[in-house]
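Notes follow the structure.
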């Protein structure tokens with residue numbers, strides 16, 4: 001498991017794999033669970049979703 005400790009772009013590989021896993025999980029949640037019905041969303045819902053994803057991204061950036 002020495003591969004996970006290799007530094008890539010300034011961070012260990014395990015952090016990058018964790019990030020990619022979180023992104024894949026969020027995409028699955030967003031596209032597969034939250035929005036499986038095709039409908040037009042309103043401005044309020046769009047802004048709330050955007051704010052949530054931006055907050056998650058900023059939180060992850062602060063953690064890294």
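The values are calculated or read from the model by the stated rules, or taken from the named source; none is laboratory data. Everything numeric in this text was worked out from a predicted model, so none of it was measured. Please note: Cβ atoms are built from the backbone with ideal geometry, for glycine as well, and neighbour counts cover all protein chains shown.
Among the residues of the range 1-12, just one is more than 20 Å from residue 61 (Cα to Cα), assigned to a helix (DSSP H, G or I) and out of contact with any helix residue (DSSP H, G or I) (no Cβ under 7 Å at 6 or more places or on another chain), namely 2.
Quick grid of which residues meet (1) in a helix (DSSP H, G or I); (2) at pLDDT below 90:
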| position | (1), (2) |
| --- | --- |
| 14 | yes, no |
| 20 | yes, no |
| 23 | yes, no |
| 30 | yes, yes |
| 37 | no, yes |
| 41 | no, yes |
| 50 | yes, no |
| 54 | yes, no |
| 60 | yes, yes |
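Listed by first and then second residue, the pairs with beta-carbon distance under 7 Å, at least 6 apart or on different chains, first residue in the range 22-46 and closer than 22 Å to residue 63 by Cα, second surrounded by 10 or more Cβ atoms within 10 Å (Cβ to Cβ) and at pLDDT 85 or above, are 22/60.
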